[in-house]
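The next block holds one structure in the form of structure tokens; read it before the comments.
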Amino acid sequence: MSVAPKQQSFEPLIVAFCCNWCSYAAGDLIGTSRMSYPANVRIIRVPCSSRVSPNFVLRAFQRGADGVLVAGCHPGDCHYVSGNYHARRRLLVLKRILEFTGMEPERFEVHWISASEGNKFAEVMRDITENITALGPNRKLRDIR
Amino acid sequence: MRRIGVFVCWCGTNIAGTVDIEAVVEAAKKMPGVVYTGEYKYMCSEIGQSMIRDTIKKEQLDRLVIASCSPRMHEATFRRTAAAAGLNPYLVEIANIREHCSWVHKEKEKATTKAIALIRAAVAKAAYNRELVAGEIPVEQRALVIGAGIAGIQAALDIADAGFEVDLVERTPSIGGRMAQLDKTFPTLDCSACILTPKMVDVASHPHINLYTYSEVEKVEGYVGNFDVTIRKKARSIDMSRCTGCGVCLEKCPIKVDSEFNEGLIKRKAIYIPFPQAVPNVPVIDRTSCRWFKKGKCAVCKKVCPADAVDYEQADELLEKKYGGIVLTTGFDTLKLDEFGEFGYGKHPDIITSLEFERLINASGPTGGKLVRLSNQEIPQNIVFIHCVGSRDKARGKPYCSKICCMYTAKHAILLKEKYPHSQTYIFYIDVRTGGKEFEEFHRRAVEEYGAVYFRGIVGKVFPEGDKLLVQGVDSLSSRTIEIEADMVVLAAAMQARDDAAEVARMLGIGVDTHHFFVEAHPKLRPVETHSAGIYLAGACQGPKDIPETVAQAGAAAAKAIVLLSKKTLIADPCVSEVNEEICTGCLACIQVCPYKAITEKTLDQKVHGRVVQRLLAQVNEALCQGCGSCTAACRPGAINLKSFSNDQILAEVDAVCL
Ligand SMILES: Cc1cc2nc3c(=O)[nH]c(=O)nc-3n(C[C@H](O)[C@H](O)[C@H](O)COP(=O)(O)OP(=O)(O)OC[C@H]3O[C@@H](n4cnc5c(N)ncnc54)[C@H](O)[C@@H]3O)c2cc1C
Ligand code: FES
């Protein structure tokens, strides 16, 4: 009885690291096209998905983010030629480690969104918000405050 | 303590309509380090900018946060504004509260909360911003143009006319591209060769153009202003300085293979000049079919050559050259029609493609311009054209419109009627698209003056019956089924990217779209640039295009290249990696992930307890570093950092958005 209303009002906080050349631009495009996605997502611009150090992801969870997304150019399309291949390997290892610690894997996602895929950008943002709303708050990795 | 100034832009109602500016300003005032907060209707306007400049001085601001549109839009503008007020431009941060906030969220409360979070992140990041000074990189004042169709020819001529050296590299033995294959061209019906050949000759004789035909670009390294390129000059087996172009070898060569230039409609020899107006007018030996190279016998060409120009020993040559800029003009192919069984292409000689039609009706083509049925050499009476074969066909072909087929089919109808007044053309179309100067008029002429009969509808099947081809289709406007006894069927196959386009793109470090056409930096505002500085695009390699558009784009790409080459030095982006030598452990994991080979190892002599020891360290070549930051995430001790996207900066942003 006491749990249900609380869960309904849960608004997750999602941190999205977006590569400047593709996903960040797709975010701009969806804005220019005036489509919408949930306001729960906070975008941090990085030059390339390969700039995203696992530290940043962990820090976001530690500071209370309920979900983290890294988005870059499609494999093969990285503005810096091969950055996203490194990112893919590195971040998938991170995902496995997070899973190992008992964290729900859905909380951390990596997506490839090109600059022209505004719709996909919005879709990914909607999906991740929906999934994480269903999961509830991140309790595992957040600082005790 | 920092003195950060926050400026919130209304962007008219674009931001102010969904974000509560007053609440945002109030919140910003309380952010750490913020000493001034202002707002204005249009921050990017001259008034807005002068307000920023004045405030920087009055409030002695040492960092700026502009909450406005995307940094991809106006970061450069506001950096200039800061610089004009004496503030280092890299001390400016942008909070994107338009594209990423006010335009995508409808509820004012949520949008306002998010805008505040984004500004908080920008303020937190700005606190860590450092003054950066842009360096200079030299520009090699020479251009490379890859692909010598009309696009490459035009671009090379324009750049060379501006006084810069140009190397033009063409894969096939002659320049000219597809345009050389065409007969007359819409919408004016000039003869293609008559307008192209003079340009080809200009290229060959231009003092600033070096032509490398039968050559390919094999490797591209470096960066804008300083590309290091390896060109493979394939062995022609002919000494070009000796050959007089007399053509005796072509006559005597006993080997015949399909002529690529004539779309396989006739044969060429193993030693050949692709077409009579070829530039250079020097033969080449096709080593895959030449008897000497296959069996070690024959050598007829060598025996008959009066100039002793045939050289079987000739080897491929590798040239290493440096360029400031590159124009990519590799053109297009037409779709292979294997999947379109209903049209019977390949099963009957009288079912041909539009490009084959161009060759057949061309006075210098295989039939001397006599359009005949290949089955019996007779002049066809009824000719059926089918539009959109593979275009606008998501399932089997390409979802896009090839743009030129409506026009060239109308051209074919006109050319036919002019040549053979008794012939009759029937054209099946989905839509007729004639967007272009004089295009609609041209199409109307085909219908009204030249009697072309258009059916809106699709053809279900083409099959031989007797010595005719039966074409069955539907006219979707009248819902009639239509059956035509045709003598010839011409298929307008879709334009598509070259087979190797994705490979070429990878070599150059540029992007391709889902159909492998090269991607421009911005579809509207930067149509001939790519995301890689110093590499430009023109012609059909970027998307389906006719000749006028190709030439216009080539001129534009040339102009961009000229702007680049006209500078002796470029300002280098200072947002590059740097190594903190104190904590670098010399593991060199960074070298593995750097796409630009910008990191190398170095040794440092260091005194440890009175003894000199050598320490291995990483070092960054700032001219090569493009600022991706791949190394920073690979660095175990966190010794490598990216200026303007440093670990501190990003972590501060993370902390701020999570508050
Ligand atoms: C049947 C048909 C009829 C047409 N009729 C008309 C018309 O009437 N009017 C009109 O305006 N347009 C017409 N067009 C369109 C016209 O052909 C194109 O607009 C034009 O040829 C595009 O020129 P381009 O230089 O971009 O490409 P291309 O002509 O394809 O030239 C590209 C060149 O680059 C070379 N190349 C490719 N890859 C490499 C590489 N990796 N390294 C080095 N070199 C390379 C190729 O060998 C080629 O020489 C027609 C097209 C077709 C198919
Ligand atoms: S630049 Fe987009 S992922 Fe590397």
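The values are calculated or read from the model by the stated rules, or taken from the named source; none is laboratory data. Here the structure is a predicted model, which is why all the values come from computation and not from measurement. Glycine gets a Cβ as well: all are built from the backbone with ideal geometry, and neighbour counts include every protein chain shown. When the accessible area is computed, the model is the full protein with side chains, heavy atoms only, and any ligands, DNA or RNA have been set aside. Shrake-Rupley method; radii C 1.70, N 1.55, O 1.52, S 1.80 Å.
Rounded to the nearest Å, what's the spacing between the alpha carbon centres of the stretch B:470-538 and the stretch A:66-133? Just the number, please. Answer, in whole Å: 31. The ellipsoid that matches the Cα gyration tensor of the stretch B:333-496 has semi-axes, each √(5λ) in whole angstrom, of 21, 19, 17, with the longest given first.
The phi torsions of the stretch B:125-142, fed into the Karplus equation with coefficients 6.51, -1.76 and 1.60 and a -60° offset, translate into couplings of 5, 4, 4, 9, 4, 10, 5, 10, 10, 6, x, 10, 10, x, 10, 6, 8, 8 Hz, rounded to whole numbers, with Gly and Pro shown as x.
The radius of gyration of the Cα set in the stretch B:248-304, together with its Dmax, comes out at 11.1, 31 angstrom.
For the stretch B:486-551, applying the loop criterion from DSSP together with a ceiling of 16 other beta carbons within 10 Å to the trypsin sites (Lys or Arg not before Pro) yields B:524.
Provide the FRET efficiency to the nearest 0.05 for the residue B:294-residue B:260 pair, computing r from the beta carbons and using R0 = 22 Å.
Numbers: r = 19 Å, r/R0 = 0.86.
Computed FRET efficiency for residue B:294 and residue B:260 comes out at 0.70.
Using the Cα gyration tensor of the protein assembly as shown, with a ≥ b ≥ c the square roots of its eigenvalues, what is the shape: rounded (a/c below 1.5), prolate (a/b larger than b/c) or oblate (neither)? Here the protein assembly as shown falls in the prolate category.
Distance from the C-alpha centroid of the stretch B:21-69 to that of the stretch B:633-656: 26 Å, rounded to the whole angstrom. Farthest towards the positive end of the charge dipole of the protein assembly as shown, among the residues B:314, B:349, B:435, is the Cα of B:314, using unit charges on the Cβ of Lys, Arg, Asp and Glu. Could you work out the local net charge near residue B:118, counting Lys and Arg as +1, Asp and Glu as -1, over the other residues with Cβ closer than 13 Å to its Cβ? It works out to a net charge of +4. Comparing the full protein assembly with the isolated chain (1.4 Å probe, heavy atoms, ligands and nucleic acids excluded), the residues of the stretch A:33-50 losing at least 20 square angstrom of accessible area are A:34, A:36, A:37, A:39, A:42, A:43, A:44, A:45, A:47, A:50.
Here the stretch B:158-237 and the stretch B:344-423 have alpha carbon centers that stand 28 Å from each other.
How would the stretch A:14-117 be classified by its alpha-carbon gyration tensor: rounded, prolate or oblate, with rounded meaning a/c under 1.5 and the a/b versus b/c comparison settling the rest? Judged from the Cα gyration tensor, the stretch A:14-117 comes out oblate (a/c at least 1.5, b/c at or above a/b). For chain B, taking the reciprocal of the average inverse distance between every pair of different Cα atoms yields a Kirkwood hydrodynamic radius of 29.3 Å. Taking the Cβ of residue B:186 as the center, what net charge do the other residues with Cβ under 15 Å away carry, scoring Lys and Arg +1 and Asp and Glu -1? That works out to 0.
GluC sites (Glu not before Pro) within the stretch B:111-212: which are DSSP loop residues with at most 11 other Cβ atoms inside 10 Å?
On the way: sites: B:131, B:136, B:140, B:165, B:170; in loops: B:131, B:140, B:170.
Passing sites in the stretch B:111-212 are B:131.
Using the Cβ-Cβ distance between residue B:50 and residue A:135 with R0 set to 56 Å, the FRET efficiency works out to roughly 0.65. Cross-link pairs exceeding 32 Å between alpha carbons, from the set B:234/B:524; B:219/B:602; B:219/B:267; B:106/B:398; B:41/B:560: B:234/B:524; B:219/B:267; B:106/B:398; B:41/B:560. Applying 0.36 nm per residue to the separation of residue B:394 and residue B:477 and subtracting their alpha-carbon distance, the gain on full extension is 27.6 nm. For the stretch B:83-133, the ratio of Cα radius of gyration to the globular rule of thumb 2.2 N^0.38 Å stands at 1.39. Note on residue B:336 and residue B:267: their simple-model spin labels are 2.4 nm apart, each label 7 Å out from Cα toward Cβ.
Using the Cα gyration tensor of the stretch B:384-470, with a ≥ b ≥ c the square roots of its eigenvalues, what is the shape: rounded (a/c below 1.5), prolate (a/b larger than b/c) or oblate (neither)? Because a/c hits 1.5 or more and a/b fails to exceed b/c, the stretch B:384-470 counts as oblate. You can think of it this way: the chain between residue B:422 and residue B:312 has 34.4 nm of extra reach, that is 0.36 nm per residue less the Cα-Cα gap. Based on alpha-carbon atoms, the Kirkwood radius and the radius of gyration of the stretch B:95-214 give Rg/Rh equal to 1.38. A Cα-only calculation for the stretch B:307-398 places Rg and Dmax at 20.5, 57 Å.
What are the trypsin sites (Lys or Arg not before Pro) within the stretch A:1-110 that DSSP puts in a loop, where the Cβ has at most 15 other Cβ atoms within 10 Å?
Those that pass, being in a loop and sparsely packed, are A:34.
Distances longer than 20 Å among the Cα atoms of the stretch B:539-602: what percent of all pairs is that? Don't jump to the answer; show the numbers that get you there.
Working: 1211 of 2016 pairs.
So the pairs more than 20 Å apart make up 60 percent of the total in the stretch B:539-602.
From the largest down, the stretch B:577-643 spans 40, 20, 20 angstrom on the principal axes of its Cα atoms.
So what's the back-of-envelope 222 nm ellipticity for the protein assembly as shown, counting only DSSP H runs of four-plus at -39500 (n - 2.57) apiece and dividing by all residues, rounded to 500?
Details: 23 runs with 245 residues, N = 804.
When only DSSP H runs of four or more count, the value is -9000 deg cm²/dmol.
Computed from backbone phi with θ = phi - 60° and the Karplus coefficients 6.51, -1.76 and 1.60, the 3J(HN,Hα) list for the stretch B:3-15 is 10, 8, x, 10, 10, 9, 9, 7, 6, x, 9, 4, 9 Hz; x is used for glycine and proline. Counting charges near residue B:142 (Lys, Arg +1; Asp, Glu -1) among other residues having Cβ under 11 Å from its Cβ returns a value of -1. Residue-wise HN-Hα couplings along the stretch B:500-514, as the Karplus relation 6.51 cos²θ - 1.76 cosθ + 1.60 with θ = phi - 60° gives them from phi, are 9, 4, 5, 5, 4, 4, 5, 4, 8, x, 10, x, 10, 8, 4 Hz; Gly and Pro carry x.
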